[in-house]
Each structure stands twice: as C-alpha cells, then as structure tokens.
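Peer 1: Got a structure for you, written out below as structure tokens; questions coming shortly.
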Amino acid sequence: MFVYIVHVHVKPEFTEQFKEASVKNAMNTVKEPGNYRYDVLQQPDDPARFVFYEVYSDETALDFHKQSAHFSEWKTAVLPWLAEPFHAVKYSDVFYTET
C-alpha cells in the first residue's frame, strides 16, 4: 500500500472554488484502478488549509492518477488560487486496517 499526503494552503478568497474543484477531482480519482481512498480534509480553525489523504495500491497507481485528465484539469484550475506551493509526502504502510 502507498499513501500520499498533500498539504495545501489556499488564498482565503478562493476557498469555495478550491473545495468545488477538489471534490470534482476526488470523485473521479476514487474510480481509478489502484485507488483505495481519497479524502479532502479542511482545517476547522484555518479554513484556507487543506489536506489530501490519498491511498493507492502502489506508486504506479499514483502515477496513473497524476497523468489523468481530471487531475490535470484540477491542477490547472487551482494553481492560481494557492497561497504557497503545495507540499506532498509519500508514505508506505506499516500497519493498516480496513473499517
């Protein structure tokens, strides 16, 4: 299993547009082969900060996602809305449980 966590800081005036674009991207991502989970999380005490929690079967599945049309569309739309470049970290599982 392969986990990808992305931290995003959006300009406050673009928060709603960012959420809308990110939900659209997420709804397409969960249909991809090798995607197990895709959560878009918003920080309650700073609504302009988001975390994407993405779980894939392997790094190849993440690469497939990054080459998808919907990801390209999302990235093109949101880049001008960012307060700073997003920060992503890759993880591999040590212990995993399904709920």
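Here, each number is a calculation from the coordinates, and none is a lab measurement. Source: prediction; values computed, not measured. Methodologically, a virtual Cβ is constructed for each residue, glycine included, from the backbone with ideal geometry; neighbour enumeration extends over all protein chains shown.
Peer 1: Running a GNM on the chain with Cα contacts under 10 Å, which residue among 52, 71, 14 ends up with the highest mean-square fluctuation?
Peer 2: Taking springs between Cα atoms under 10 Å, the residue moving most is 14.
Peer 1: Would you mind classifying region 54-99 by shape? Square roots of the alpha carbon gyration tensor eigenvalues, ordered a ≥ b ≥ c; an a/c under 1.5 is rounded, otherwise it is prolate if a/b is larger than b/c and oblate if not. Mind dumping the intermediate values first?
Peer 2: Values: a/c = 2.68, a/b = 1.72, b/c = 1.56.
Verdict is prolate for region 54-99.
Peer 1: Still on this structure, please answer the following. If you take every residue apart from residue 77 with its C-beta less than 14 Å away from the C-beta of residue 77, what net charge results, scoring Lys and Arg +1 and Asp and Glu -1? Mind showing how you got there, number by number?
Peer 2: Numbers: positive: 11, 19, 24, 75; negative: 16, 20, 73.
Net charge around residue 77: +1.
Peer 1: Distance cut-off 19 Å, Cα to Cα: go down the list 11/90; 66/90; 19/90; 31/66 and report the pairs above it. Walk me through the numbers before you get to the answer.
Peer 2: On the way: 11/90 25 Å; 66/90 14 Å; 19/90 23 Å; 31/66 14 Å.
Check vs 19 Å cut-off fails for 11/90; 19/90.
Peer 1: Pick out, in residue order, every one of the trypsin sites (Lys or Arg not before Pro) in region 8-44 that is DSSP loop and has at most 14 other C-beta atoms within 10 Å; say none if there are none.
Peer 2: Details: sites: 19, 24, 31, 37; in loops: 31.
Listed in order of number, the matching sites are 31.
Peer 1: Note down the nm distance, to one decimal, between modelled labels 7 Å out along Cα→Cβ at residue 39 and at residue 16.
Peer 2: For the pair residue 39/residue 16, the computed spacing is 2.6 nm.
Peer 1: Now, a different point. Report, in debye and to the nearest 20, how large the dipole of the chain comes out about its Cα centre when Lys and Arg carry +1 and Asp and Glu carry -1 on their Cβ. Walk me through the numbers on the way to the answer.
Peer 2: Details: 9 positive and 15 negative charges, 37 e Å.
Here the chain has a charge dipole of around 180 debye.
Peer 1: Also: Taking R0 as 35 Å, what FRET efficiency do you get between residue 83 and residue 58 from their Cβ-Cβ distance, rounded to the nearest 0.05? Each step should come with its number before you reach the end.
Peer 2: On the way: r = 32 Å, r/R0 = 0.91.
The formula returns an efficiency of 0.65 here.
Peer 1: Report, in whole Å, the centroid distance computed from the Cα atoms of region 62-99 and region 1-21.
Peer 2: 9 Å
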